[in-house]
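Structure first, then comments.
The values are calculated or read from the model by the stated rules, or taken from the named source; none is laboratory data. Treat the numbers as computed from the prediction; the structure is a model and nothing was measured. Neighbour counts are summed over all protein chains in view; Cβ atoms, including those assigned to glycine, are modelled from backbone coordinates with ideal geometry.
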Amino acid sequence: MTDTKMLERAIKRRGIEKEKIAELMGLTPLMLEKKVDGIVEFKSDEISSICELLRLSCDDSESIFFSTGIVEASPFVFALLAIVSIVIYIFMCWYIRIRARQMSSKRRFKYIHHIFGGYRIRKGIQN
């Protein structure tokens with residue numbers, strides 16, 4: 001997956017027009033634009049030639065052409081997600097408990113089994 005923004009910055013930093021790059025690589029300007037925009041993938045020989053033209057370092061070329069698109073989350077995000085999931089779990093338990101108190105024992109059994117274990121009804125309890 002090509003990091004389009006980084007590649008655009010590298011082209012601007014080098015100061016070469018895209019038409020000139022396309023001509024030197026043996027591509028049409030439209031095809032280069034599609035490759036830069038990430039619509040069409042670069043081939044390995046095209047990656048090496050554009051790296052030479054733009055004088056990209058190994059780290060830059062790796063981050064541009066082989067980016068995964070995954071953003072690393074901070075530990076704060078994971079802690080926040082854990083807290084939110086715990087709060088949701090506590091709320092659901094509270095809600096089920098309040099709701100179950102208002103039902104007869106047969107309905108309570110069906111309701112709790114419906115939520116926690118699918119809709120399986122024990123023998124002897126009817127719909």
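Candidates in region 96-121 are the residues that are in a loop (DSSP other than H, G, I, E, B) and surrounded by 11 or more Cβ atoms within 10 Å (Cβ to Cβ); of these, the one that is modelled with the lowest pLDDT is Ile121. Scanning region 15-47 for residues that are crowded, with 17+ Cβ neighbours inside 10 Å and under 28 Å from the mean Cα position of the chain (by Cα), we see that the one that is nearest to Thr4 (Cα to Cα) is Val36. Considering (1) free of Cβ contacts under 8 Å to residues at least 60 places away in the same chain; (2) of a type in the set (S, T, N, Q); (3) buried (at least 17 other Cβ atoms within 10 Å of the Cβ), the lone condition that Thr2 does not fulfil carries the number (1). Taking each residue of region 79-99 that is under 19 Å from Tyr111 (Cα atoms) and looking for partners that are assigned to a helix (DSSP H, G or I) with beta-carbon atoms closer than 9 Å, six or more apart or interchain, yields Met92/Ile115; Ile96/Tyr111; Ile96/Ile112; Ile96/Ile115; Ile96/Phe116; Arg99/Arg108; Arg99/Tyr111.
Taken as a whole, region 83-95 holds no residue that is aliphatic (A, V, I, L, M), modelled with pLDDT under 90 and under 26 Å from Asp3 (Cα atoms). Can you say whether Ile50 is of a type in the set (A, V, I, L, M), under 28 Å from the mean Cα position of the chain (by Cα), closer than 15 Å to Leu7 by Cα and surrounded by 12 or more Cβ atoms within 10 Å (Cβ to Cβ), as far as the supplied structure shows? Considered against the rule, which asks whether it is of a type in the set (A, V, I, L, M), under 28 Å from the mean Cα position of the chain (by Cα), closer than 15 Å to Leu7 by Cα and surrounded by 12 or more Cβ atoms within 10 Å (Cβ to Cβ), Ile50 comes out as yes.
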